[in-house]
Amino acid sequence: MSPYLPAPGELLGDLTGLLSCWGVGAVLFLAGSGLVSAAPEIAILCGWGALSLWLTVWGVFSPFPLYAPLFAFVLAALLLPAFWRGRPERGAVAALLRMLALSLPLWLVIAPIRPSQPDSFLNLLPNAFYLVDYGRFPAKGLPPSYSYLPGAPYNTQFLSFLGSFLNPGFPASGMSLVNVMLTLVAGLMIARALKGDKGAADEPPSWTLTAIGLLLATLFNPGFVPRVNFASYGESALAVTALCSAILINEGEGDLAAGEKPRALFPLALVLAAMINAKQSGVGLVVALLFAAFLTGLAEGAARRRALFRFLAGAALAAAALFAIWRYHMAGAGVAELRLLPFSLWNWREIPEALSSALWAAWARAWYFAAVAILFALIPVFLRRQGWTATTRLLVFFAVLFIFYNGFVFFTYVAVFAPVMSAAAHSFFRYNAQLSLVLVLALALAARDLGLLRGFSEKRLRALGGAMLALALLAPIGFAKTLRFDLVMPQPLVWNLAKELAPYLKQKDRLALILPGDNGSLEAMLSGLLRFETPRHRRLRIFYRA
């Protein structure tokens, strides 16, 4: 049996993880469908925004655990569509099932995935399991969380917490599975955007368009890196919510340009709420998105300035409230998070070296930044040929967003990171990859509008569509080694060591780890596997020496 496919002895556990993940998606879809009238992929993100608002408000202001409000949310998700907006339309369900069917080979490869990457064990998994174990946010006076950053926001952990409703051990692999699900949601958004106005409003994208959307979100996405996007990191969450926000902003500004009331205001508000607390950098992305939207609307000139401001300010209210509530909680929580450095310690001297490091990072990922350069070059072409269309607006929007968000990134290098990390332009590509789905959609729409396939005969178009379907189905198998980044050494050795140790350990035992030459990553992995993988030893006391 290939190590990249589910093993027979672990098939039941892998299937339970998949079903729990799909259950998370179903609950979010039903909740979102009950709150907004939108495409199913947008409804999923709106459901996530509603879940984040509900659990954050309860967790900050109520002394009771989050289990009861989580159950109430699931119950409301099941009942809202029946009593408020009716059952989801058949076309919405068909669109989701088409994407699920085309992505089954991807799910087959990803199903056995295990926790991976140092940050997963240092803070992401400890934070997720803290919700499962205690139903609370970490704070002074409560049990320890074993997290490096227990004060990081919890919107992504809420999704694995929701999955633990069906499977208590879900967060271990579930945080990766949820990121796969969010990436597929992005693929469906891209497919629907390429579909445009063709066909009925509730008609799902064709099989071919669905396959193209899946490929553009993954294989053809220059910012897609499996060990980042499919790990438990928040990059996928920010990239997908940025894409959805860009689509909704584009639609809203189109309505304003036509003299109509923007229909996207409430869905956009919920999506921004999901984004802002996906990770601590989420606030910078939200602010950059809103500034880019405002400047793009002003540049177009078709919308009244006050109407544009009301639309964006109204859409930002829920995110601003959620951010303020979390800051209120952190003011008294007494736990660690990333904080602004004192002004006297800001890294002004590291700016030249940070710029140099960023340029080297851009050179290493030249295909991504080449795509950005192509987009910038397309803007005058579209303004001259088409004027302000939905595609032109998205191209201009991305260009402004790219500039503003990179300004925020360099602000963090000056005001947040340690000098060494600042000089190295820490995670520069990862920050930029959070915009990659917006970039991909803008370029795909530009290619469509330029008629790059106009000269193809119907026979050649059918052959191309078949090739896209085949590639979407076969690529996960061909790239299984890249997708299963959790099998890169020395991670399997650490799993085996944890598996051998587990039967000899009891709760509250003491374990000494002597790891000469370790930089802390092996200790973090081994400690995390013992505490968070079944059978769990969450109260194990571990002493570490390098």
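The values are calculated or read from the model by the stated rules, or taken from the named source; none is laboratory data. The structure displayed is predicted, hence computed values, not measured ones. Quick reminder, even Gly has a Cβ in these numbers, built from the backbone with ideal geometry, and neighbours come from all protein chains shown. SASA here: full protein model, heavy atoms, side chains in, ligands and nucleic acids out. Shrake-Rupley method; radii C 1.70, N 1.55, O 1.52, S 1.80 Å.
Highest-first packing order for the peptide set 341-348, 382-389, 88-95 is 88-95, 382-389, 341-348, based on the mean count of other beta carbon atoms within 10 Å. Relative to the dominant Cα principal axis of the chain, helix 351-364 is inclined by about 80°. Backbone phi angles across the range 391-401, fed through the Karplus curve with coefficients 6.51, -1.76 and 1.60 (θ = phi - 60°), yield HN-Hα couplings of 5, 4, 4, 5, 4, 5, 4, 4, 4, 5, 4 Hz in residue order; Gly and Pro are listed as x. In terms of packing, defined here as the mean over residues of other Cβ atoms within 10 angstrom, the peptides 271-280, 311-320, 64-73 line up highest first as 271-280, 311-320, 64-73. Taking all Cα pairs closer than 8 Å and separated by 6 or more residues, the relative contact order of the range 184-273 comes to 23 percent. As a rough guide to protection, the peptides 151-161, 330-340 ranked by mean Cβ packing within 10 Å, highest first, stand as 151-161, 330-340. Working note: Cα atoms of the chain, range along each principal axis, descending, whole Å: 70, 58, 51. On full extension, the segment bounded by V287 and R538 gains 86.5 nm, given 0.36 nm per residue less the C-alpha separation. Annotation: amide H of D509 within the under-5 Å range of R541, sequence separation 5 or more or interchain, hydrogens built in the peptide plane. In plain terms, the C-alpha convex hull of the range 364-457 casts an average shadow of 7.2 nm² when viewed from every direction.
Residue separation of R385 and A94 scaled by 0.36 nm, minus their Cα-Cα distance, works out to 101.1 nm of gained length.
Under the convention that each Lys and Arg Cβ holds +1 and each Asp and Glu Cβ holds -1, the size of the dipole of the chain around its Cα centre is about 200 debye.
Taking amide H as placed 1.01 Å from N in the peptide plane, Y544 has its amide H under 5 Å from the amide H of L513, each at least 5 places away in sequence or on another chain.
When both the range 250-264 and the range 473-545 are represented by their alpha-carbon centers, they are found 51 Å apart. Helix 265-276 and the longest principal axis of the C-alpha atoms of the chain enclose an angle of approximately 30°. Its relative contact order, with pairs defined as Cα atoms under 8 Å and 6+ residues apart, puts the range 34-186 at 24 percent. For the range 161-169, the Karplus equation 6.51 cos²θ - 1.76 cosθ + 1.60, evaluated at θ = phi - 60°, returns couplings of 4, 5, x, 5, 4, 9, 9, x, x Hz by residue, with Gly and Pro reported as x. The long axis of helix 11-35 is offset from the longest Cα principal axis of the chain by roughly 50 degrees. Along the range 121-128 the Karplus relation, 6.51 cos²θ - 1.76 cosθ + 1.60 evaluated at θ = phi - 60°, assigns HN-Hα couplings of 7, 6, 8, 5, 5, x, 5, 5 Hz to successive residues, with x for each Gly and Pro. So, in nm, how far is label R263 from label A447 when the simple model puts each one 7 Å beyond its Cα toward the Cβ? Roughly 2.9 nm, to one decimal. Ordered from largest to smallest accessible area (heavy atoms of protein chains, 1.4 Å probe), the residues H426, H537 come out as H426, H537.
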